[in-house]
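Q: Pasting a structure here, questions to come.
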Amino acid sequence: MKKKIFVLLVIFLLTSMCFAQKIDGTWQINTSQVADGFMGRYLFTDSTFEYRINGYDGLNSIRRLFGTYKIQNDKIFFIVEGIVMIVGNRMIRDKISTLNDDWGLKSDKFVINKLNPVIKESATFKFYKEYIEIDNRKYYKTENDEDS
C-alpha cells in the first residue's frame with residue numbers, strides 16, 4: 001500500500017512540474033514585434049527579473065529595475081533589489097526618443113544603485129498561451145533582449 005501511494009505521489013509531482021508556468025525569457029508590453037528598440041519589458045529567469053524601461057523614453061534616467069520574483073496562484077510578488085540609472089546626462093534632440101518630442105538624455109555611464117531596504121510589491125498575474133498579464137497589461141514573448 002505504501003508503495004502505491006509513493007508511486008501515485010511521484011506521478012502527481014512529475015505531472016505538476018510538466019504543467020508549471022515557465023515564463024523565462026523576454027516579455028514586451030502590447031506586442032511581440034521589435035522595431036528600432038524595445039518597448040517596456042520584463043526579462044525573467046528561474047527566480048530573477050529585470051524590468052527594462054521603454055527604449056523610446058529618452059528622458060527617463062532610470063533604465064532598469066531588478067530583483068527576484070515568485071508566482072503564487074494569481075499573484076506575482078516582486079522584490080526590487082536595485083535600479084540601474086544613467087548619469088552624466090546631457091540633453092539632446094534624438095530621433096529615437098520619440099515619446100518626448102525627440103528630447104532625450106545622452107550618456108554612456110550607468111550606475112547600479114542597490115536598494116536598502118528592498119522594495120516589496122505584488123501584482124495580479126495570469127498566464128495564457130500567447131501572453132502573460134501583469135496588472136491587466138499584456139506582455140508578449142519576444143526575441144532575447146541583449147541590449148544594455
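The values are calculated or read from the model by the stated rules, or taken from the named source; none is laboratory data. Model, not experiment: these values are computed from the prediction. Note that we place each Cβ from the backbone using ideal geometry, even for glycine, and neighbour counts take in every protein chain shown.
Q: Give the number of residues within the stretch 38-78 that are surrounded by fewer than 17 Cβ atoms within 10 Å (Cβ to Cβ), of a type in the set (A, V, I, L, M) and either free of Cβ contacts under 8 Å to residues at least 12 places away in the same chain or in a strand (DSSP E or B) (or both).
A: Qualifying residue count, the stretch 38-78: 2.
Q: Only one of (1) under 15 Å from Lys138 (Cα atoms); (2) of a type in the set (A, V, I, L, M, F, W, C); (3) modelled with pLDDT under 70 fails for Ile29. Which number is that?
A: (3)
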